[in-house]
């Protein structure tokens, strides 16, 4: 299921292209959806376009420091 902060749409692909996307995604340990998003971002970057990321930050948040403990 698509996360609420992502645009969902139908995309028709040639079966051979889909097979290559799935193969590449498996090699890079990504889902086919994540692989398509990666390829689109890479194509935009090659054209000098960097879309603003609206994704939720992942990973552990920075450790809190108590005042005066530097």
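The values are calculated or read from the model by the stated rules, or taken from the named source; none is laboratory data. The structure presented is a predicted model; accordingly, all values stated were derived computationally and were not measured. Methodologically, a virtual Cβ is constructed for each residue, glycine included, from the backbone with ideal geometry; neighbour enumeration extends over all protein chains shown.
General remarks:
- Unique match (being modelled with pLDDT of 80 or more, more than 12 Å from the chain's Cα centre (by Cα) and loosely packed, with under 11 Cβ neighbours inside 10 Å) among 63, 43: 43
- Candidate set: the stretch 51-60, residues that are within 18 Å of residue 6 (Cβ to Cβ) and modelled with pLDDT of 70 or more; chosen: the one surrounded by the fewest Cβ atoms within 10 Å (Cβ to Cβ): 52
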